[in-house]
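Report on the following structure.
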Amino acid sequence: MIRRALMLAAMLTLGTGMAPANQQTERPAITGVSHLAIYAADPSATDGFYGRVLGARKVADPENPKGTRYLFSETQFVQVLPLPPGHGTSRLAHVAYTTTDAAALRRYLLDHGAKGMTALSTSASGERWFGTRDPEGVEVHFVQPPATASTPSTAVSGRIIHVGQVVRDRAAQDTFYRTLLGFRPYWYGAMKEGATDWISQQVPDGTDWLEYMMVGPGSTVDEKRVDGRLLGVLNHLSLGVVDMKATVARLTAENRLSPRHDGPQMGRDGKWQANLYDPDGTRVELMEFQPVAEPCCSPFTADSPTK
């Protein structure tokens, strides 16, 4: 594994066609989570979850005419795409982060030998984006949003604070997210001492984070147990709330809890959490912005979001 990680790091920093150091572009800011894109088998059922349960605003998708966006703010959303025929058990389509300059970030990645990037696209509203893949093959997009900001009044939250994805090879992923993109350590923990199940790394220029959901040796998750239901738990997004008990009480009173749900409960990171699940099993984790108890396993090494 170590040898593979070193080879990947060399490819990223010394890749064929890499520009001389004095010609390389600087990395523009990566400021937060843009969206999570998921596949849905039944769009009408999915609409009821993201539109009614979570209260997100439904709009057309400029990236994919077959898709739908559910906005929590003008810059953060869930993108729902129709499930492709014969698709496997995972419902994760891609993960996306915001940047202040998509064109410059694309040049930066090219200068550092990154491969397999899509062309830069621009929507009628001025949104710009491109895609690539991380070392484990997960599609990753970078989005430069238009200069607008508002929050739907019915949304349970106006802020996505993190996304999580299955990771089997931490070292390989670190060459991409930490070495190349500049993500910063935030917190790590596990269900039991001596293991590592979750590794949270903040974007370099904000407080949103990516959570490695570790599978295999070193974690408490046996890879042989990973089926479609567990993938929905592991590949997830998290919405920040100020008061978990009040949020869940509101959803209960308004009959907006999903049929499958759990919590509130205290997380191992010392934050109140509750989970809702869309009709295809993708988990939406409600989480308080700030910890209220001592976290297990490690201290926080960066500031938590406040709103």
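The values are calculated or read from the model by the stated rules, or taken from the named source; none is laboratory data. Quick caveat, the model's predicted, so the values are computed rather than measured. Cβ atoms come from the backbone with ideal geometry, glycine included; neighbour counts cover every protein chain shown. Quick note on the areas: whole protein, heavy atoms, side chains included, nothing else; ligands and nucleic acids left out. Shrake-Rupley method; radii C 1.70, N 1.55, O 1.52, S 1.80 Å.
In region 176-206, what residues are hydroxyl-bearing (Ser, Thr, Tyr) and open to solvent by 10 Å² or more (accessible area, probe 1.4 Å)? Across region 176-206, the qualifying residues are THR179, TYR188, THR196. Cβ-Cβ contacts under 7 Å between residues 6 or more apart (or on different chains), taken from a first residue in region 219-248 that is within 21 Å of GLY270 (Cβ to Cβ) to a second residue that is among the hydroxyl-bearing types (Ser, Thr, Tyr) and open to solvent by 30 Å² or more (accessible area, probe 1.4 Å), are listed as SER219/THR196. Taking strands (runs of 3 or more DSSP E) as the structural unit, no element lying wholly within region 207-307 holds at least 3 residues that are over 19 Å from LEU92 (Cα atoms), open to solvent by 20 Å² or more (accessible area, probe 1.4 Å) and hydrophobic (A, V, I, L, M, F, W, C). Condition check for THR132 on (1) modelled with pLDDT of 95 or more; (2) buried (at least 21 other Cβ atoms within 10 Å of the Cβ): one failure, at (2).
Restricting LEU83, LEU110, LEU54 to residues that are out of contact with any strand residue (DSSP E or B) (no Cβ under 6 Å at 6 or more places or on another chain), of a type outside the set (Gly, Ala, Ser) and under 23 Å from GLY164 (Cβ atoms) narrows the list to LEU54. Selection of region 86-102 for residues being hydroxyl-bearing (Ser, Thr, Tyr), open to solvent by 30 Å² or more (accessible area, probe 1.4 Å) and in contact with a strand residue (DSSP E or B) (Cβ under 9 Å, 6 or more places away or on another chain) yields SER90, THR100. A single member of ALA103, ALA124, ALA96 is touching a Pro at 6+ places or on another chain (Cβ under 8 Å) and either within 28 Å of PRO65 (Cβ to Cβ) or in contact (Cβ under 8 Å) with a residue 40 or more places away in the chain (or both), and it is ALA124.
Of all the criteria given as (1) open to solvent by less than 10 Å² (accessible area, probe 1.4 Å); (2) free of Cβ contacts under 8 Å to residues at least 40 places away in the same chain; (3) not β-branched (Val, Ile, Thr), the one not satisfied by GLY137 is (1). Number of residues in region 111-121 that are touching a residue at least 24 places away in the same chain (Cβ under 8 Å) and either within 20 Å of the chain's Cα centre (by Cα) or surrounded by fewer than 18 Cβ atoms within 10 Å (Cβ to Cβ) (or both) equals 3. Scanning region 20-79 for residues that are open to solvent by 60 Å² or more (accessible area, probe 1.4 Å) and in contact (Cβ under 8 Å) with a residue 40 or more places away in the chain yields GLN23, GLU26, ARG27, ALA41, ASP42, ARG52, ARG57, PRO62. Determine, yes or no, whether PRO204 is closer than 28 Å to ARG106 by Cα and part of a loop (DSSP other than H, G, I, E, B). For PRO204, the condition - closer than 28 Å to ARG106 by Cα and part of a loop (DSSP other than H, G, I, E, B) - is met.
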